[in-house]
Amino acid sequence: MQPFEYHSPRSLPEALRLLQELGDGARLIAGGTDLLLRMKQGQLAPRALIDLRRAAELHGISFSPEEGLRIGAAVTLRELQRSPLVRDHCPCLCETASWMASEQVRSLATVGGNLCNASPAADLAPPLMVLDAQAVLVGPQGERRLPVEAFFLGPGQTALDRGELLKEVLVPPTPGNALYLKHAPRAFMDIAVVGVAVHLRMERGLARAVRIALGAVGPTPLRAGPSEALLEGSAPTASLLEEAADLAARACSPIDDLRGSAWYRRRMVRVLTRRALDRLCAASLVGEGT
Amino acid sequence: MTEGLIGQERPLVTISLRVNGEPVEAVIEPRELLLDFLRDRLGLMGAKRSCDTQVCGACTVLLDDLPVSACCTLAYEARGREVLTIEGLAQDGALHPLQQAFIEHTAVQCGFCTSGMILTARSLLQDHPRPTRQEIRHYLKGNLCRCTGYWNILKAVESVAGSGRQRGRVGEEAT
């Protein structure tokens, strides 16, 4: 690893000032589980690291009935997994976190890091997208909010402007259910070959607020718009769910790589989308008392 | 500019932390990894370098009681904190119940994964004194044993989990 300076700002304004001053030679670090690996492997050699962990503004998980969950960018995956608030309001996020990496990585890795690395396979992206989450970006000009899906621009590329950082994620309250299914050869410590998240709620037998997001099958995590449109307001029958899963497989643009071929990924999108829809429709119908 | 500082003065930082209960102070470069700090500077060889990419668990140490991979953690990040390595687990010459259980269940073959296994299990038991078998398996997923001795490891951890042998938790087990 190349030498670097290390800065540990105590507050968000101090972090933003450092980011401004140090410019392009500096990298932000939170858990460091991805960044340090890339630095060790010589892929990155920043002149300075700005450690965000000591800025209190980036920590904490809270809930309000109006805004929903607020999850600080420096919240670790371990904290996310074990948060009673998250378990009560978005159990899908606890479940997702519990399947990410290992205890060792989850002790350090952060929610913000998972999103800011902008891997097409980032596990938190699809569930946050179907939960309609917003990313709160903060920079010298102040704060702005973006839907999480607009945060990703390409592999490793986010909507963060120079001098900006991710402050927190807001997940609005939802009466619906969400589910994330991850397919990887090794159950843990592996990157998703395909990840599918679905959100919906059943109202008098009709599917509402249907949102489907796909991971690892395009340059960014993406929404399966045609599937959502097909199901929205419909009474989900087996053939309709099958058609929606088919449309999801057609909506994505996977590539061949060492984890799987494009053909295989597309097939798995269909399988996992169908599976997630089946489970959610069943769960939601039970919840409705029918 | 994304070049490092080669050829320029290298930044140095002073850190103080506690390692296995003892205060330690050192002047290091921020890039020094916790694993190198423990092994090369302090001579604590229990944490092993293996995959070097935080997927195998052999370098696991506890940082404020949480398991981390020392191969991908900066020593600087441990400043002001408490690091526990396998060398610090036995107290007053008595093995920790987990160490004793690993011996009794022959949960050690080549021994390379053992430090990490025991420390990760220690963190689990501190959290959940009575984990289910599934919880133990889940918690230890980041620790690989290439001798494939998982069964005995699982039994060793289970034997401590259910027995009230965890140090400091005996009173809680008296039901």
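Looking for something within 8 Å of another protein chain (Cβ to nearest Cβ) and either touching a helix residue (DSSP H, G or I) at 6+ places or on another chain (Cβ under 6 Å) or without any contact (Cβ under 8 Å) to a residue 12 or more places away in the chain (or both) - is there at least one such residue anywhere in the range A:12-22? No, the range A:12-22 has no match at all.
Can you find a residue that is among the hydroxyl-bearing types (Ser, Thr, Tyr), crowded, with 24+ Cβ neighbours inside 10 Å, in contact (Cβ under 8 Å) with a residue 60 or more places away in the chain and in contact with a helix residue (DSSP H, G or I) (Cβ under 7 Å, 6 or more places away or on another chain) anywhere in the range B:47-64? Yes, the range B:47-64 contains at least one residue that is among the hydroxyl-bearing types (Ser, Thr, Tyr), crowded, with 24+ Cβ neighbours inside 10 Å, in contact (Cβ under 8 Å) with a residue 60 or more places away in the chain and in contact with a helix residue (DSSP H, G or I) (Cβ under 7 Å, 6 or more places away or on another chain).
Among the residues of the range A:94-110, those identified as aliphatic (A, V, I, L, M), part of a loop (DSSP other than H, G, I, E, B) and at negative phi are A:Met100, A:Leu108, A:Ala109. Being under 10 Å from the mean Cα position of the chain (by Cα), crowded, with 24+ Cβ neighbours inside 10 Å and modelled with pLDDT of 95 or more is a description that applies to A:Val111.
Considered as a group, the residues in the range B:77-118 that are within 14 Å of chain A (Cβ to nearest Cβ) and of a type in the set (A, V, I, L, M) include one that is surrounded by the fewest Cβ atoms within 10 Å (Cβ to Cβ), and that residue is B:Leu84. B:Leu38 fulfils the conditions (1) within 14 Å of chain A (Cβ to nearest Cβ); (2) crowded, with 22+ Cβ neighbours inside 10 Å except for a single criterion, (1). Comparison of A:Thr33, A:Thr96 shows that the only residue that is polar (S, T, N, Q), buried (at least 20 other Cβ atoms within 10 Å of the Cβ) and under 24 Å from A:Val138 (Cβ atoms) is A:Thr33. Can you say whether A:Leu85 is touching a residue at least 40 places away in the same chain (Cβ under 8 Å) and hydrophobic (A, V, I, L, M, F, W, C), as far as the supplied structure shows? So A:Leu85 does not fit the description; no. The listed residues are B:Glu104, B:Glu87, and the only one of them that is in contact with a Gly (Cβ under 6 Å, 6 or more places away or on another chain) and not basic (Lys, Arg) turns out to be B:Glu87.
Just one residue in the set A:Glu149, A:Glu143 is in contact (Cβ under 8 Å) with a residue 12 or more places away in the chain and not in a strand (DSSP E or B); that residue is A:Glu149.
Scanning the range A:79-93 for residues that are surrounded by fewer than 19 Cβ atoms within 10 Å (Cβ to Cβ) and either at positive phi or within 14 Å of another protein chain (Cβ to nearest Cβ) (or both) returns a single hit, A:Arg82. Checking each residue in the range A:39-76 for being acidic (Asp, Glu) and within 12 Å of chain B (Cβ to nearest Cβ) picks out only A:Asp51.
Can you tell me which residues in the range B:34-50 are farther than 22 Å from B:Cys110 by Cβ and not in a loop (DSSP other than H, G, I, E, B)? Result: B:Leu34, B:Asp36, B:Phe37, B:Asp40, B:Arg41.
Based on what the data block shows, is B:Leu63 at the interface with chain A (Cβ under 9 Å from one of its Cβ atoms) and either closer than 24 Å to B:Arg146 by Cβ or at pLDDT 95 or above (or both)? The answer is yes for B:Leu63. Among residues of the range A:169-198 that are modelled with pLDDT of 95 or more and surrounded by 18 or more Cβ atoms within 10 Å (Cβ to Cβ), those with a Cβ under 7 angstrom from a residue that is part of a strand (DSSP E or B) and of a type in the set (Ser, Thr, Tyr), sequence gap 6+ or separate chain, pair up as A:Gly195/A:Tyr180; A:Ala197/A:Tyr180.
The values are calculated or read from the model by the stated rules, or taken from the named source; none is laboratory data. These figures come from a predicted structure and were not determined experimentally. All Cβ positions, even for glycine, are placed from backbone atoms using ideal geometry, and neighbour counts span all protein chains on display.
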